[in-house]
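Shown next, in structure tokens, is the structure this report addresses.
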Amino acid sequence: MKLRLQSGVRRPVFRLMLGRKGSQIAEAAIVMPILILTAMLLLRLFTFYLEILSSGINEHMTALEAWDSYRGAGFRSYTAEREVGMIRGGLLHMNLTKDIHTHSYMINEDVLVRAGDALD
């Protein structure tokens, strides 16, 4: 069955509706912004994860320096807290934060070795 087109203004409109180019443009106009927003969200979350990771590494290095410089009694606890936050902006209307807690025990090995020698 052939579709007969009348001459005049309606002819280009029918060709646009029958052709695929118009529907592909309409689909792309709907899908592309969603894909771009999703990609940008993934990039922001990835950078937030890297910021959490680097803050954890910096906190660990600070704890190692505190352990190396400890010259007090035999045992002592070390605690530190840090909050890492994602910058608000765009569609993000809430504060996305991650708390990093560090808790460990510092040992002065010199005092422990001397105490062990004194007990022998």
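Calculate the FRET efficiency for I34 and S55 from the Cβ-Cβ distance with a Förster distance of 41 Å, rounded to the nearest 0.05.
Details: r = 32 Å, r/R0 = 0.78.
Calculated transfer efficiency: 0.80.
Starting from the amide H of M106, placed 1.01 Å from N in the peptide plane, find each other amide H under 5 Å away whose residue is 5 or more places distant or on another chain.
R76, S77, Y78
Could you calculate the FRET efficiency of L42 with S69 from 1/(1 + (r/R0)^6), where r is the beta carbon distance between them and R0 is 35 Å, rounded to 0.05? Please list the in-between numbers first.
On the way: r = 41 Å, r/R0 = 1.18.
Rounded to the nearest 0.05, the efficiency is 0.25.
Values in this text are rule-based calculations from the coordinates and carry no lab data. In this text, all values refer to a predicted model and were calculated from it rather than measured experimentally. Using ideal geometry, Cβ is built from the backbone for each residue, glycine included, and neighbour counts are taken over all protein chains shown.
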